[in-house]
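Below is one structure, written out as structure tokens; the observations come after it.
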Amino acid sequence: MGSLALDGVMLACTYALTRLAVGRALRPVRTMTDQATQWSAVASEERFGSMRHPAELARLGTSLDAILDRIRTLLRHERQLTGELSHELRTPLSRIIAELDWWRTRPRSTDQTHATHKVIADAAQSMRTICDTLLDDARGGTLTAPGTAEVLPALRRLT
């Protein structure tokens with residue numbers, strides 16, 4: 001009975017010491033996680049690689065820095081694409097609005113109404129082309145082989 005009691009006490013002590021050692025070993029990981037959470041909330045420029053960490057975590061910090069850099073690059077690219085889209089779409093949209101305002105000011109003949117519809121349709125097609133072109137460029141271009149081109153999209157862009 002004494003031997004079983006001693007075994008139980010040894011097992012409990014081993015569990016407590018192992019838990020304490022693992023907890024202390026993982027404390028820097030918890031700290032890095034908390035820092036990443038804080039940095040993501042305030043868009044900080046700080047990085048893990050610039051801080052002193054145990055050798056085991058230095059590699060993890062470097063890879064996390066690389067991930068943060070890629071995310072920041074993607075966000076910058078998305079903002080740039082959004083800016084380009086809004087800038088490029090303003091001209092056709094203003095043409096549509098101007099034609100509609102002109103058309104509403106007074107009654108028009110059937111020919112003038114058809115001309116207005118054509119200008120609006122052309123502007124809408126221009127908007128579609130702009131969106132398609134910018135989104136294709138953002139996605140890395142079309143999936144054609146190097147040195148080849150698709151004729152119809154090239155002709156549309158030319159016109």
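The values are calculated or read from the model by the stated rules, or taken from the named source; none is laboratory data. None of the values given here were measured: they were computed from a predicted structure. For neighbour counting, all protein chains shown are included, and Cβ atoms are generated from backbone atoms with ideal geometry for every residue, glycine included. Remember, those area values only see protein heavy atoms, side chains included, never the ligands or the DNA or RNA. Shrake-Rupley method; radii C 1.70, N 1.55, O 1.52, S 1.80 Å.
Some values worked out for this structure:
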quantity: R95 vs. criteria at pLDDT 80 or above, part of a helix (DSSP H, G or I) and touching a helix residue (DSSP H, G or I) at 6+ places or on another chain (Cβ under 7 Å); calculated: yes
quantity: Where G23 falls short, out of the listed (1) open to solvent by less than 60 Å² (accessible area, probe 1.4 Å); (2) modelled with pLDDT under 85; calculated: (2)
quantity: Qualifying residue in region 42-50 (condition: in a helix (DSSP H, G or I), modelled with pLDDT under 85 and either out of contact with any Ser or Thr (no Cβ under 6 Å at 6 or more places or on another chain) or over 30 Å from R24 (Cα atoms) (or both)); calculated: yes
quantity: Options A66, A58, A145: the member that is at pLDDT below 85 and not in a helix (DSSP H, G or I); calculated: A145
quantity: Unmet criterion (only one of (1) surrounded by fewer than 14 Cβ atoms within 10 Å (Cβ to Cβ); (2) in a helix (DSSP H, G or I)) for T116; calculated: (1)
quantity: Single condition M1 does not satisfy, out of (1) at pLDDT 90 or above; (2) open to solvent by less than 80 Å² (accessible area, probe 1.4 Å); calculated: (2)
quantity: Residues of region 94-106 satisfying the condition of being open to solvent by less than 80 Å² (accessible area, probe 1.4 Å) and among the hydrophobic types (A, V, I, L, M, F, W, C); calculated: I96, A98, L100
